[in-house]
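Quick notes on the structure that follows.
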Amino acid sequence: MASTASQTLDHLFTHATDYMRHLASIIGKLDDTQYTQESAALPGSTIGKHVRHVLDHFALLFAALASAQSASNNMQNPLGPVDYAHRERSPLTESTVDGGQCSIGRAIAIVEQLRERETAIPSFITVSDTLPGGTTASFLSTVDRELWFCIHHMIHHNAIIASLMFELGLNPPTEFAYAPSTIKLAHDLAK
C-alpha cells in the first residue's frame with residue numbers, strides 16, 4: 001500500500017492534469033484573436049498571457065522535480081532552488097491557441113513522466129521569489145505544498161481568464177473559476 005505522502009502527491013498530480021485538461025478544453029473553444037485580445041479592464045492582460053504565466057510556474061517546479069536523483073533528502077539538503085521570479089516566457093504559448101494547447105499537452109506529459117518516478121521525488125524543496133521592494137527571499141517548502149501552490153495559482157488565473165472571457169461576451173463554465181474550498185462550501189450550504 002502506498003504511503004500517505006505518496007498518495008497525496010499522486011492526488012496532486014491527478015488534480016494538476018485535470019485542471020490542465022480543463023484549461024486546454026476551455027481555450028480550445030477560442031480563436032487566436034480572442035486568445036490574444038487585450039482586456040479593457042486589465043490593460044496588457046490577455047487569456048494567452050495568463051495561460052503562459054500559469055504554465056511558467058509549473059515548468060519551473062517540474063524542472064526541479066525532473067532533476068531529482070533520489071527521494072533521500074531532508075530539510076538540510078532540499079531539492080531546488082525553484083526561482084518563481086525567473087520564468088522563461090514562451091511567446092508561442094501566449095500568442096496562439098494551438099501554442100497554448102501544445103504547452104499544456106507538454107506539461108501533462110511531464111506530469112505523467114514524474115508520476116512514473118514518483119518514488120524518486122524528494123519531500124523538501126527550496127523556492128525563491130521576489131518580495132515587495134525587489135528583494136529576493138528563499139523559503140524551505142515541500143514538493144506537495146509547491147505543487148498545490150501551482151494548482152491553486154492556476155485556479156486563481158482561471159478566474160481571471162473567466163473574467164476576460166466574459167469581457168469578450170463568452171460564458172465559461174462556472175466551476176472553472178472557483179477554488180475547491182469555494183465549491184465545497186457552496187455544496188455544504190446547499191444541503
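Starting from residues that are within 25 Å of residue 81 (Cβ to Cβ) and not hydrophobic (A, V, I, L, M, F, W, C), keep the ones in the stretch 100-111 and report whichever is least open to solvent (accessible area, probe 1.4 Å). Ranking the candidates gives 103 first. For the stretch 24-45, filtering for residues that are hydroxyl-bearing (Ser, Thr, Tyr) and in contact with an Asp or Glu (Cβ under 9 Å, 6 or more places away or on another chain) leaves 4. Under the condition of being in contact (Cβ under 8 Å) with a residue 40 or more places away in the chain and either assigned to a helix (DSSP H, G or I) or surrounded by fewer than 12 Cβ atoms within 10 Å (Cβ to Cβ) (or both), the residues counted in the stretch 3-28 number 18.
Each residue in the stretch 107-124 was checked for being touching a Phe, Trp or Tyr at 6+ places or on another chain (Cβ under 8 Å) and among the hydrophobic types (A, V, I, L, M, F, W, C), and 4 pass.
Could we say that residue 67 is among the small types (Gly, Ala, Ser), touching a residue at least 12 places away in the same chain (Cβ under 8 Å) and open to solvent by 40 Å² or more (accessible area, probe 1.4 Å) here?
On the way: among the small types (Gly, Ala, Ser): yes; touching a residue at least 12 places away in the same chain (Cβ under 8 Å): yes; open to solvent by 40 Å² or more (accessible area, probe 1.4 Å): yes.
Against the criterion (among the small types (Gly, Ala, Ser), touching a residue at least 12 places away in the same chain (Cβ under 8 Å) and open to solvent by 40 Å² or more (accessible area, probe 1.4 Å)), residue 67 qualifies.
Residue-level check: of (1) surrounded by 14 or more Cβ atoms within 10 Å (Cβ to Cβ); (2) modelled with pLDDT under 90, residue 158 misses just (2). Of all residues in the stretch 170-185, one or more are at pLDDT 90 or above, open to solvent by less than 60 Å² (accessible area, probe 1.4 Å) and closer than 27 Å to residue 39 by Cα. Residue pairs whose Cβ atoms lie under 7 Å apart, sitting 6 or more positions apart in sequence or on different chains, and linking a residue in the stretch 140-158 that is more than 18 Å from residue 64 (Cα to Cα) to a partner that is surrounded by fewer than 16 Cβ atoms within 10 Å (Cβ to Cβ), are 152/179; 155/179. When 144, 129 are checked against the criterion of being at pLDDT below 95, touching a Phe, Trp or Tyr at 6+ places or on another chain (Cβ under 9 Å) and either open to solvent by 50 Å² or more (accessible area, probe 1.4 Å) or in a helix (DSSP H, G or I) (or both), 129 stands alone in meeting it. Within the stretch 169-184, residues that are assigned to a helix (DSSP H, G or I) have Cβ atoms under 7 Å from residues that are open to solvent by less than 50 Å² (accessible area, probe 1.4 Å) and of a type in the set (Gly, Ala, Ser) in these pairs: 176/162; 177/159; 177/162, counting only partners at least 6 apart in sequence or on another chain. Here is a check on your reading of the model: is residue 95 at negative phi and open to solvent by less than 30 Å² (accessible area, probe 1.4 Å)? So residue 95 does not fit the description; no. The residue list 54, 111, 82 contains one member that is under 20 Å from residue 13 (Cα atoms), hydrophobic (A, V, I, L, M, F, W, C), in contact with a helix residue (DSSP H, G or I) (Cβ under 6 Å, 6 or more places away or on another chain) and not in a helix (DSSP H, G or I), which is 82.
The values are calculated or read from the model by the stated rules, or taken from the named source; none is laboratory data. Given the structure is predicted, the values throughout are model-derived calculations rather than measurements. With ideal geometry, Cβ positions are generated from the backbone for all residues, glycine too; neighbour counts draw on all protein chains shown. Quick note on the areas: whole protein, heavy atoms, side chains included, nothing else; ligands and nucleic acids left out. Shrake-Rupley method; radii C 1.70, N 1.55, O 1.52, S 1.80 Å.
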